[in-house]
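*Asks:* Before I ask anything, here is the structure I am working with.
The values are calculated or read from the model by the stated rules, or taken from the named source; none is laboratory data. No experiment lies behind these values; they were computed from the predicted model shown. All Cβ positions, even for glycine, are placed from backbone atoms using ideal geometry, and neighbour counts span all protein chains on display. Heads up: the accessible areas ignore ligands, DNA and RNA and are worked out on the full protein's heavy atoms, side chains in. Shrake-Rupley method; radii C 1.70, N 1.55, O 1.52, S 1.80 Å.
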Amino acid sequence: MMPAPMISARSPEQEQFAGALHDMLGAGAGGATTTGAARQWAAGDRAPGLGLWRELAGLGVTALTVPPQWGGLGASPLDLVVCCEEIGHHALPGPVAESLAAVPLLLTALCTEHLGTEGRRDEELCAGWLTRLADGDLLATLAMPPRLPYAVDADAAGLVLLASADTIRLATPGTRHQSVDGSRRLYEARGGRVVAHGPAVTEAIRRALTVGALASAAQLLGAGRALLEASVRHATLRTQFGRPVGAFQAVKHRLADVAIGLEFARPLLDAAAVALAGSCPTAGRDVSAAKVACADAAHQAARAALQVHGAIGYTREHDLSLWLTKVRALLPAWGTQAEHRAIVLAAVGGTGLIGTGSP
Amino acid sequence: MTQAPAGAAGDPAAFRAEVRDWLAGHVPAEPLPSVDTAEGFARHRAWERELAGARLAVVSWPARYGGRDASLLEWLIFEEEYHAADGPVRVGQNGLFLLAPTLFAHGTEEQRDRLLPRMARADDVWAQAWSEPDAGSDLAAIRATAVPVKGHRKGHGEGGGGWLLSGTKTWSSRAAFADRAFGLFRTDPAARRHHGLSYLLFDLHAEGVTVRPIRQLGGETGFAEIFLDEVFVPDSDVVGPVGDGWRIAMSTASHERGLSLRSPGRFSAAADRLIALWRRAGEPADTAGRVADAWIAARAYHLHTVATAARLAAGGTLGAESSLGKVFWSDLDVALHETALDLLGPAAELRQPPDPDGRSPDGRWPDGRWLEGYLFALAGPIYAGTNEIQRTLIAERLLGLPR
């Protein structure tokens, strides 16, 4: 029997969830705005940012991808996408794709597929971490070289993993590297004890890279939306030659192109989440297509935003810099555009027909 | 004799299977001659009648007009199969996708009964007559007039009145060979711009009509100039209220830019052919990114259209956001075909490459089709409101930028 046609995926509940996250991140926490927290995070003061993460935990964000048996919500990849898009929309600092998506997936695989090298001891360890992740007591990060060479925010994370080839190790932060996005504090991961090893681990790592790419694609789309909104605001308020700069056709058309890019990236993102939820064989291809489109759309939004803002956009002072640098940093993270295009080309059969179940 | 039509029953898989089987048995093995030649036009008209005989010409229309009451989703399925089977160009597309939605929304019962069944069978093939020499992107600058007259004309029944059309229409798609046309005319000479326009239908063979075919970039007469000299139109061929033509035409324009004119099936099929061509060319690295992007964009358009169809089916409406899609698909169409031509190398300039191996693996897609498709695609960013007009609409109506 054929499955129902894939239609616009987001439910009213998911739209409400996005709205609640938007309100929360827009309001900030403990007197700190999200942009202020991002700046302080970059300067090494994590307290305001961690306050925001605790607020998010209160809304269920950190529990989303953790299975119910460890106190999580076992939510769908589409819930994750809705959440990460809003996080990207507000440029929240912290290891988003890592702590919300990739690490919970690896830990869950370790428990449910019994991959632990020390058997029950590792499974209990992972179960404990999952419970703490769900509660919002733990931030986690990881490096997965070669595609993800550094562990972002390893200094802020209570758990650092190094996952590569067929092995997962516990790790500690090594040498720090500067990212173009100051709020992404990059560390080499110094590998310690092996917690899982074997062919099944390779498969789990592959899935973790896929879900991480999906989460980062959602962040990019959200960042692109924020950049377009900021551009429209600026173009409406800023006057030159006696009229708002947004009345000039060159500005209008450039921003129209940004809107088009974002509009047509989102269906790919949602479809990838739905494919992943259904363990569809094309899920990897669909996530790669989404990452390519969301990253391109966000990049185009960033270039247009800087140009529309002019010199003020080229300053650190202006908050636009938070999104500009984050988009530049996330663009090649979780797989470069070329890598994801190659995945698409290698996997392409048809483009997917309505109602046939063929993806 | 007609079998019980599938399509309204809501079983997409059965509907798809029926469409696929029928097309497999009926789509001409060799592509028809160009629709923009006299012979090609006649062959395409005959093809439309074959489609209509299988009740596949207008699946989304009510059964009483020759359709199947199919949902938008089923219409999309039909389109996917049609393009995947490389079905002939729809010669009636101006009528089917522009006039018919207008008649459904603004026409009278009498007009629908009289015009739609003939349109479905291609007894009438319709041309559009929007643009004028001085009214292109600035469509509201229309100067062609419709002047009211009393009394009847031969062949138009007793009593009532009508209108005399005068002026020049141009870039009228299909007008070289079509039967009838629809367009906007100034009915109130005192009114300016968008006001005082009316939506009228006229016969291309009527007294006072001169059609001058225009050769397009590809050399064929895909559109024409229409000179009108006091051409009589009865009152029954005014669509909607007199003076309300702009609003009525804009509702059609939204159809033209949005769902109706460009179904995703066209791009999905072309993207699949592009990938096959790229593989045949040895998967050159320098075009890999563009090939992948074309496929991704075709899929994005497909997903977006399905979501839009679902939204419309749930009672939503299509407004300025149709401009997003128009720019997207028309740019995609050009980029996709440009990539294919780059892959063909020096042979890309040939209208009919001689190499017998220059075909898609299924043998149905000679390489020359890419150039033909490219020339066709080049018109996309211009017609139905140039992409510049669309970008301005997006900026002002969707983003809220100042006018």
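*Asks:* Where a ≥ b ≥ c are the square roots of the eigenvalues of the C-alpha gyration tensor, would you call the stretch B:126-244 rounded, which needs a/c under 1.5, or, failing that, prolate if a/b is larger than b/c, or oblate?
*Replies:* Oblate is the answer for the stretch B:126-244, as a/c is 1.5 or above yet b/c matches or exceeds a/b.
*Asks:* Kirkwood hydrodynamic radius, chain B, all distinct C-alpha pairs: what's the number in Å?
*Replies:* For chain B, inverting the mean 1/r across all distinct Cα pairs yields 22.3 Å.
*Asks:* Summarise the partner chain shielding of A:285-296 as one whole number: the mean count of Cβ atoms from other chains within 10 Å of each residue's Cβ.
*Replies:* The per-residue average across the peptide is 3.
*Asks:* Please compute, for the alpha-carbon atoms of chain A, the extent along each of the three principal axes and give them in descending order in Å.
*Replies:* Per principal axis, max minus min of the Cα coordinates gives 72, 53, 35 Å.
*Asks:* Taking a point 7 angstrom from the Cα of A:E203 along the C-beta vector, which residues in the stretch A:88-102 have backbone N less than 20 Å away?
*Replies:* Under cut-off, by backbone N: A:102.
*Asks:* What are the ³J(HN,Hα) couplings of the stretch A:324-338, residue after residue, when phi is run through the Karplus curve with 6.51, -1.76, 1.60 and θ = phi - 60°? Round to Hz, x for glycine and proline.
*Replies:* Result, rounded to whole Hz: 4, 6, 5, 4, 4, 6, 7, 3, x, 6, 6, x, 6, 4, 4.
*Asks:* Could you order B:D188, A:D135 so the one with the most accessible surface comes first? Probe is 1.4 Å.
*Replies:* Ranked list, largest accessible area first: A:D135, B:D188.
*Asks:* Okay, moving on. Let's test the formula: R0 of 51 Å, r as the Cβ-Cβ distance of B:E207 and A:T112. What FRET efficiency results, to the nearest 0.05?
*Replies:* After rounding to 0.05, the efficiency reads 0.05.
*Asks:* Label-point separation (nm) for A:R193 and B:A314, each offset 7 Å from Cα along Cα-to-Cβ?
*Replies:* Rounded to a tenth, the inter-label distance reads 5.0 nm.
*Asks:* Mean-square fluctuation check for chain A, GNM, Cα pairs under 10 Å: which of A:A298, A:A283, A:A102 is largest?
*Replies:* A:A283
*Asks:* Between B:R192 and B:D21, what length in nm is gained on full extension when 0.36 nm per residue of separation is reduced by their alpha carbon distance?
*Replies:* Length gained between B:R192 and B:D21: 56.2 nm.
*Asks:* If the cut-off is a Cα-Cα distance under 28 Å, which lysines reach A:K252, setting aside same-chain residues fewer than 8 apart in sequence?
*Replies:* A:K291, A:K326, B:K326
*Asks:* Right, here's the next one. In the stretch A:243-259, which residues give up 10 Å² or more of accessible area once the other protein chains are added, compared with their chain alone (1.4 Å probe)?
*Replies:* A:P244, A:G246, A:A247, A:Q249, A:K252, A:H253, A:L255, A:A256, A:D257, A:A259
*Asks:* At what distance in nm do the modelled label points of A:R233 and B:A29 sit from each other, each positioned 7 Å from its Cα along Cα→Cβ?
*Replies:* With each label placed 7 Å out from Cα toward Cβ, I get 6.6 nm.
*Asks:* Okay, next question. Once the whole set of protein chains is in place, how much accessible area is left on B:I77, using a 1.4 Å probe, in Å² to the nearest 10?
*Replies:* Answer for B:I77: close to 0 Å² accessible.
*Asks:* While we're here: How do the peptides B:168-179, A:286-297 rank, highest first, by the average count of neighbouring beta carbon atoms within 10 Å per residue?
*Replies:* A:286-297, B:168-179
*Asks:* Which value, in nm² and rounded to one decimal, describes the direction-averaged projected area of the C-alpha convex hull of the protein assembly as shown?
*Replies:* About 35.8 nm², averaged over all directions.
*Asks:* Enter the buried accessible area of the A/B pair, total of both sides, probe 1.4 Å, in Å² rounded to the nearest 100.
*Replies:* Counting protein atoms only, the buried area is about 3700 Å².
*Asks:* While we're on this one: Below 12 Å, Cα to Cα, which aspartates and glutamates can B:K150 reach? Residues fewer than 8 away in the same chain don't count.
*Replies:* B:K150 reaches B:E158, B:D235.
*Asks:* Would you please give the FRET efficiency between A:A20 and A:A311, computed as 1/(1 + (r/R0)^6) with r the Cβ-Cβ distance and R0 = 45 Å, to the nearest 0.05?
*Replies:* Result of the calculation: an efficiency of 0.80.
*Asks:* Ignoring ligands, DNA and RNA, what percent of the 1.4 Å accessible area of chain B is carbon and sulfur?
*Replies:* Answer for chain B is 54 percent, counting heavy atoms of protein chains only.
*Asks:* Could you work out, residue by residue across B:320-328, how many beta carbons of other chains sit within 10 Å of that residue's beta carbon, and then give the average as an integer?
*Replies:* 3
*Asks:* Here is a follow-up. Taking 0.36 nm per residue of sequence separation and subtracting the Cα-Cα distance, how much length would be gained by fully extending the chain between B:A14 and B:I214, in nm to one decimal?
*Replies:* Taking B:A14 through B:I214 to full extension adds about 67.6 nm, to one decimal.
*Asks:* Can you give the FRET efficiency for B:R247 and A:R328, using 1/(1 + (r/R0)^6), R0 = 45 Å, r = Cβ-Cβ distance, to the nearest 0.05?
*Replies:* With a Förster radius of 45 Å, E is 0.45.
*Asks:* Here is a further query. Counting only heavy atoms of the protein chains, get the accessible area per residue of the stretch A:3-127 (1.4 Å probe) and round it to a whole Å² value.
*Replies:* Spelled out: the 1.4 Å probe surface of the stretch A:3-127, per residue, equals 38 Å².
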